[in-house]
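Let me begin by presenting the structure, written as C-alpha cells, before commenting on it.
The values are calculated or read from the model by the stated rules, or taken from the named source; none is laboratory data. These numbers were taken from a predicted model, which means no experiment stands behind them. Positions of Cβ are backbone-derived with ideal geometry, glycine not excepted, and every protein chain shown enters the neighbour counts.
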Amino acid sequence: MTELEGATIHASAVRVGELAVLIRGPSGSGKSRLAFDLILAGRTKVIPPTILIGDDRVRLGKTGEQLTVHAVMELAGLIEIRGLGIRRCDFIPYAPIGLVVDLAASDAERLPPPEALKTTLSGRDLLRIPVAAAVPPLPLVVAALITQPA
C-alpha cells in the first residue's frame, strides 16, 4: 500500500462483499450509525456480508491501481454506538473503495442528476450517494447495493 498524504480523514468505512463503503459527513451526521446498520444488514443477509474497516477516522491508500480505505490501527475494531459508547467489533484492515456515501449532503435531491451520483477521490471516479440531513441513509445505501440503475 502507498499511503496518500499519510493523513487520516474524518469518515467511517465498512466492507460489503468485496468492496468498501466510505461514509463521510460532519460530526454527528450518523457515520457510525450507518456503519453499524450496514453490519447488521449484512448479518441478516439483506446485503452481502459486511464488516467494519474503521469508524470515525480512516486512511486512504492505493493498492495497485485501486483506491483503498484503511483502518487507523489505534482505533481498529472500535465503533461508537450512541447510547452504549465505544464498543469492540470485528474488523478488517482495508478494502478497495466501491461506494462513497456523503451524509448531510447539500446537493442531495429526490431525483439526482447522474453527475451527483459520482465523485472523484485521489484521481479515481467512484459511485456516490448524497444523502440529505433529514433522510435515513440505510434504505438508500441498501437500494444502491441491491439494485441497478434503470
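Residues that are crowded, with 22+ Cβ neighbours inside 10 Å: list the strands (runs of 3 or more DSSP E) wholly contained in the range 1-84 that include at least 2 such residues. Explain how you work it out, then say what you get.
On the way: elements: 2-16, 19-24, 50-54, 57-63, 66-71, 78-81.
Counting at least 2 such residues, we get 2-16, 19-24, 50-54, 57-63, 66-71.
Using the structure shown, decide if S106 is part of a loop (DSSP other than H, G, I, E, B), modelled with pLDDT of 95 or more and closer than 25 Å to V135 by Cα.
Spelling it out, S106 is indeed part of a loop (DSSP other than H, G, I, E, B), modelled with pLDDT of 95 or more and closer than 25 Å to V135 by Cα.
Checking L111 against (1) of a type outside the set (S, T, N, Q); (2) closer than 18 Å to A144 by Cα; (3) in contact with a Phe, Trp or Tyr (Cβ under 7 Å, 6 or more places away or on another chain), which single condition isn't satisfied?
Of (1) of a type outside the set (S, T, N, Q); (2) closer than 18 Å to A144 by Cα; (3) in contact with a Phe, Trp or Tyr (Cβ under 7 Å, 6 or more places away or on another chain), only one is false for L111: (3).
Can you go through R88, R15, R59 and tell me which one is under 18 Å from L145 (Cα atoms) and not polar (S, T, N, Q)? Explain how you work it out, then say what you get.
On the way: R88 fails: under 18 Å from L145 (Cα atoms); R59 fails: under 18 Å from L145 (Cα atoms).
Checking each option against the conditions leaves just R15.
I need every pair where a residue in the range 129-142 that is closer than 22 Å to I97 by Cβ has its Cβ under 8 Å from the Cβ of a residue that is surrounded by fewer than 16 Cβ atoms within 10 Å (Cβ to Cβ) and not acidic (D, E), sequence separation at least 6 or different chains.
I129/L117; P130/P112; P130/L117; V142/V46
Within the range 52-69, is there a residue that is without any contact (Cβ under 8 Å) to a residue 60 or more places away in the chain and touching a Phe, Trp or Tyr at 6+ places or on another chain (Cβ under 6 Å)?
There is at least one residue in the range 52-69 that is without any contact (Cβ under 8 Å) to a residue 60 or more places away in the chain and touching a Phe, Trp or Tyr at 6+ places or on another chain (Cβ under 6 Å).
Go through the range 18-35 and report how many residues are closer than 18 Å to D90 by Cβ and touching a strand residue (DSSP E or B) at 6+ places or on another chain (Cβ under 6 Å).
7
Kindly list the number of the only condition in (1) within 21 Å of A41 (Cβ to Cβ); (2) surrounded by 14 or more Cβ atoms within 10 Å (Cβ to Cβ); (3) without any contact (Cβ under 8 Å) to a residue 60 or more places away in the chain that fails for I92.
Unmet condition: (3).
Do we find that S106 is more than 19 Å from L38 (Cα to Cα), hydroxyl-bearing (S, T, Y) and exposed (fewer than 11 other Cβ atoms within 10 Å of the Cβ) in this structure?
Values: more than 19 Å from L38 (Cα to Cα): yes; hydroxyl-bearing (S, T, Y): yes; exposed (fewer than 11 other Cβ atoms within 10 Å of the Cβ): yes.
Taking the combined requirement at face value, the residue satisfies it.
Among what's in the range 107-135 and is more than 18 Å from K31 (Cα to Cα) and of a type in the set (K, R), pick the residue that is farthest from the chain's Cα centre (by Cα).
In this case the residue turns out to be R110.
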